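Asker: Structure in C-alpha cells, see below.
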Amino acid sequence: MKTYYFFIFLITTLVSFGQTTLSPGDLIVTSLIADGNDRFEFIPLVDLSAGTVIYFTETGWIATTSSWRSDDLTEGVVQYTVPTAINRGTVISIEEDADTNGQINLPTDGSVSVSNFGGSLSFSISGDQIIAFQGTPPDGWDGSGTNPFSAPDFIFAITSHSTAWHDATNTNITAIPTGLSNGSTAVAVGSGEGSSNEYDNIYYDAVTNPLTGKTKAEILALVGNAANWIGSDTEPTTWKISSFTLSSDQHTNSEFSVFPNPVDSGVIKIQSRIVGLKTINVFDVNGRAVLSTQLESDVLDVSSIQSGIYLLNIEVNGTSTTKKIIIK
C-alpha cells in the first residue's frame, strides 16, 4: 500500500514538474455570463509559471458521493495552459463563440483548448457553475469512460443557480467541491436558496468593491461574499475587471511551511510567521475529516492516519492555506 501511494506521488511530481501547483484560493473566478457568448474571467492570486495547466468545468459536484455528476466530465471542460509566465492579479478572459460550438475567441493566443476530457462549454440560463481545478488525467482518455479526474485538486468554484449549494442532480446545480469553503474559495450567487433561484449571469462588482491593493486573504473574503456580486437575467455590459496589483504581503502560502512531505515519520512540522493558535483540519480525498485539532506548537502528530493522500488546512488568526500532503 505504501509503495502504491509513493508511486502516485512520484507520477504526480513528474507530471507537475515546471508547473505551478495551486491550492484552494490561489485563483478566483469573477464572472459567469450565459447570455450571448459563453464567457468568464479568472484571476490568479499567485504568479503562474509557463506550462501550468488549469481546468475549468461546468460539470457539477456531488458532495454525498464525492464525485462528478454522472461520474464523468462530458458536460464541458476547457483546459488553460499558461503560455508564458503570468503575474498575480492578471485578468484572463475566456470566451466561446456563440455560433461555432467549441471555438474559443478569447484568449487569442491559443492558451485555451476544449479539453478531450469533456465537451465544450455551454452555460445555461437556468443556472450553472464554474469549477476550477488541477489534476492528473489517465493516459489515453477518450472521453467515453468515467471519472477522468477521480481526485481533483479544487481551486475555486462559483454557481449562479442559488445562494446555497445542492448536490448535482442535473446540469444546472452543484454542491461545494471538496476542500473549498463557502465565503472564501467558493461563492453561490442566486436570487434565493432554492435550487432554481438562478441568474442568467453573475459577476463580481469590482467598482463598488475594488480589489487593487488588497492582500490575498482580503480578496478571498471580498470575492467569497455573495453580497458583493451582481446577478442579472439580461446580458450585462460592465462585468469586466481590470488587472490589479495585490498588496506585497498577499502570499498566504508563504506564511506557512509544512515539512517533511511526504511524511514517513508520523510527524509533520508546521511553521508560521503568524503568531497564534493553529487550527488544523486534515481531509481525505473524499472530503471526510480525519483529524481536527489546535496546536500551540509546530508539531502535528499524524501517526494515527493511514497511508494516503490528504488535504491539510491550516488557519492562524484569519489567515489560512490548504496543502496536499502524502502520508507514507
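Any read-out appearing in this document is the output of simple, stated calculations on the displayed coordinates, not a laboratory observation. This is a predicted model, so every value here is computed, not measured. We place every Cβ from the backbone using ideal geometry, glycine too, and count neighbours over all the protein chains shown.
Asker: Asn313: net charge of surrounding residues, Cβ under 12 Å, Lys/Arg +1, Asp/Glu -1, itself excluded?
Answerer: Every neighbour counted, the sum reads +2.
Asker: Shifting gears a bit: Straight-line reach from Lys216: which aspartates and glutamates have Cα under 20 Å away, leaving out those fewer than 8 places along the same chain?
Answerer: Cross-link targets: Asp26, Glu41, Asp47, Asp153, Asp205, Asp249, Glu255, Glu315.
Asker: Given a Förster radius of 56 Å and the C-beta distance between Ser122 and Ser257 as r, what FRET efficiency does 1/(1 + (r/R0)^6) yield to the nearest 0.05?
Answerer: 0.85
Asker: Once label points are set 7 Å from the Cα along Cα→Cβ at both Thr90 and Asp233, what is their separation, rounded to one decimal in nm?
Answerer: Modelled inter-label distance: 3.9 nm.
Asker: Another question about this same structure. With only Lys, Arg, Asp and Glu charged, each at its Cβ (+1 for the first two, -1 for the last two), find how big the charge dipole of region 253-327 is about the Cα centre; round to the nearest 20 debye.
Answerer: My answer is approximately 160 debye.
Asker: Same structure again: Would you mind ranking Arg288, Arg39 by Cβ crowding within 10 Å, fewest neighbours first?
Answerer: Arg288, Arg39
Asker: Rounding to the nearest 20 debye, state how big the charge dipole of the chain is about its Cα centre with +1 on each Lys and Arg Cβ and -1 on each Asp and Glu Cβ.
Answerer: Here the size comes out at about 1280 debye.
Asker: For the chain, take the longest principal axis of its alpha carbons; what is the angle in degrees between that and the long axis of helix 2-16, to the nearest 10 within 0 to 90?
Answerer: Taking Cα atoms only, the helix is inclined about 50 degrees.
Asker: Going toward the positive end of the dipole of region 253-327, with +1 on Lys and Arg Cβ and -1 on Asp and Glu Cβ, which of Ser304, Val263, Thr322 do you reach last?
Answerer: The Cα lying farthest towards the positive end belongs to Thr322.
Asker: Just tell me which lysines come within less than 19 Å, Cα to Cα, of Lys240; anything on the same chain fewer than 8 places away is out.
Answerer: List returned: Lys214.
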